[in-house]
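What follows is a set of notes on a single structure, which appears directly below.
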Amino acid sequence: MNMYDIAKETGFSIATISRAINNSGYVSEKTREKIMKVIDEKGYSVNPFAKGMATSTMSLAGVLSTDSRDLYQAECIYYLQNALREQGYTTLLACTGSELKNKQEAMRLLLSRNVDVIFLIGSGFVEKSGRDNMYIKEAASKIPVILMNGLLENSKVHSIRCDDVKGMKELATVVLNGGSKKPILLTRKLTFSAREKVKGFEEACQKAGIDTEGRILQLDPSRKLSEHVREVLEGQDFDAILCVDDEIAVFAMKYCLNHGFSIPDQVQITGYNNSLLSDMPPCEITSYDNLLNYLCDTSVSCMAQVLDGKDYPRDSVFSGTLVEKMSTRKS
């Protein structure tokens, strides 16, 4: 009898069996007792060589990122790896880019390495076409798949995300209460997260009686960001610029300062993520802290419970924190 037989007998994954045998990583006492009972009944004995192989290769977590250069995703990788390491996991990271075929290939690669769980960083993995999301759903039918800061309608995929509608609505409310009448929103590709932020912007403006038509401006992800922000802002009539991330906000501030606008007296600016970029300009940027460390810790907690056979909400939403700085006016 080998570990594959034990996994089949108990219904737990090979990685969970490995952790129970080697006392490595998180396994609940109830799960451990069930596994050890089967081992005792079937007379399984641990081969020292196999045990060494198990501890080094079986406790694996796969992580997919579309762009590890992106500050949000880079920080997420850092926090996620730390949280997984504490649970005895080694991380296999694949950076896919935005092409669907590359995402599918990366998913197949991780599955071929017998990872115990797969984390998807960001809503960039969720395609508009349901057919294009089948590769995620198929993977989730085999092992747990956790989508971080995105949402996919599938009973097997667990989503952990910040309430971006609420976050952007709070930011927009700050600038509107500060006297802005002509706010604009700068966004990138309209992923699930970006669409949620657009919704929050629209709700705040609607409440204030401001028409948002023509005030939501989308940036081309294939263009150099600094140049495209400058081109998009040229000729626009605005007194506040809300951005879906801090990187865009930094370039928006650069544009305003180069054109002689006083911040926040003439133009208010907000970012999102409350990253180190928001503190770098001379006029620190008001941002929304989406609690990235909490997101990663919660995602790993979800993994542990799902691997233990426990129920876990398909969609878990938490609130971040508004961080007001120098780039907006006090109401």
Given the structure, is ASP70 open to solvent by less than 20 Å² (accessible area, probe 1.4 Å) and charged (D, E, K, R)? no
Flagged in the stretch 90-140 as assigned to a helix (DSSP H, G or I), of a type in the set (A, V, I, L, M, F, W, C) and open to solvent by 20 Å² or more (accessible area, probe 1.4 Å), in numbering order, are LEU100, LEU109, LEU111, MET134
Listed by first then second residue, the pairs whose first member lies in the stretch 249-260 and is closer than 14 Å to LEU185 by Cα, whose partner is β-branched (Val, Ile, Thr) and open to solvent by 20 Å² or more (accessible area, probe 1.4 Å), with beta carbons under 9 Å and at least 6 positions apart or on separate chains, are MET253/ILE263
| Condition test on VAL317, is it surrounded by fewer than 18 Cβ atoms within 10 Å (Cβ to Cβ), among the β-branched types (Val, Ile, Thr) and either modelled with pLDDT of 95 or more or not in a strand (DSSP E or B) (or both)? | yes
Could you tell me whether the stretch 228-239 includes any residue that is at pLDDT 95 or above and closer than 29 Å to ASP315 by Cα? no
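For (1) modelled with pLDDT of 80 or more; (2) over 22 Å from SER141 (Cα atoms), each residue gets a yes or a no:
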| residue | (1), (2) |
| --- | --- |
| ALA7 | no, no |
| SER13 | no, no |
| SER28 | yes, yes |
| LYS34 | yes, yes |
| VAL46 | no, yes |
query: Does ILE248 satisfy being part of a strand (DSSP E or B), surrounded by 14 or more Cβ atoms within 10 Å (Cβ to Cβ) and among the β-branched types (Val, Ile, Thr)?
result: no
#### Entry: Hey, ASP265 part of a loop (DSSP other than H, G, I, E, B) and either touching a residue at least 60 places away in the same chain (Cβ under 8 Å) or within 30 Å of TYR26 (Cβ to Cβ) (or both) or not
yes
With the first residue restricted to the stretch 269-289 and required to be at pLDDT 95 or above, and the second required to be in a strand (DSSP E or B) and among the charged types (D, E, K, R), Cβ contacts under 8 Å at 6 or more apart or on different chains are ASN273/ASP289; ASN274/ASP289
One residue is enough: does the stretch 197-211 have a residue meeting the conditions in contact with a His (Cβ under 7 Å, 6 or more places away or on another chain) and among the aliphatic types (A, V, I, L, M)? no
In the stretch 141-160, anything surrounded by 19 or more Cβ atoms within 10 Å (Cβ to Cβ) and more than 25 Å from LEU291 (Cβ to Cβ) is listed as ILE143
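So which residues in the stretch 268-313 are of a type outside the set (A, V, I, L, M), in a helix (DSSP H, G or I) and more than 30 Å from ARG230 (Cβ to Cβ)?
To start, the set of residues in the stretch 268-313 that are of a type outside the set (A, V, I, L, M) comprises 268, 270-275, 278-279, 281-284, 286-290, 293-294, 296-299, 301-302, 305, 308-313.
This time we only want the ones that are in a helix (DSSP H, G or I), so: 278-279, 293-294, 296-299, 301-302, 305.
Once the filter is applied, which keeps residues that are of a type outside the set (A, V, I, L, M), in a helix (DSSP H, G or I) and more than 30 Å from ARG230 (Cβ to Cβ), the stretch 268-313 yields ASN293, TYR294, CYS296, ASP297, THR298, SER299, SER301, CYS302, GLN305.
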Those residues of the stretch 261-274 which are farther than 20 Å from LYS189 by Cβ and of a type outside the set (Val, Ile, Thr) amount to PHE261, SER262, PRO264, ASP265, GLN266, GLN268, ASN274
In the stretch 161-198, anything part of a helix (DSSP H, G or I), hydroxyl-bearing (Ser, Thr, Tyr) and either open to solvent by 20 Å² or more (accessible area, probe 1.4 Å) or over 16 Å from GLY271 (Cβ atoms) (or both) is listed as THR173
Among residues of the stretch 206-232 being within 27 Å of the chain's Cα centre (by Cα) and open to solvent by 60 Å² or more (accessible area, probe 1.4 Å), the residue nearest to PRO183 (Cα to Cα) is GLN218
With the first residue restricted to the stretch 151-163 and required to be touching a residue at least 12 places away in the same chain (Cβ under 8 Å), and the second required to be polar (S, T, N, Q) and open to solvent by 40 Å² or more (accessible area, probe 1.4 Å), Cβ contacts under 7 Å at 6 or more apart or on different chains are LYS156/SER141; ASP163/SER319
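The values are calculated or read from the model by the stated rules, or taken from the named source; none is laboratory data. Model, not experiment: these values are computed from the prediction. Positions of Cβ are generated from backbone atoms using ideal geometry, with glycine treated the same way; all protein chains shown enter the neighbour counts. Just the protein is used for accessible areas: all its heavy atoms, side chains included, with ligands, DNA and RNA removed. Shrake-Rupley method; radii C 1.70, N 1.55, O 1.52, S 1.80 Å.
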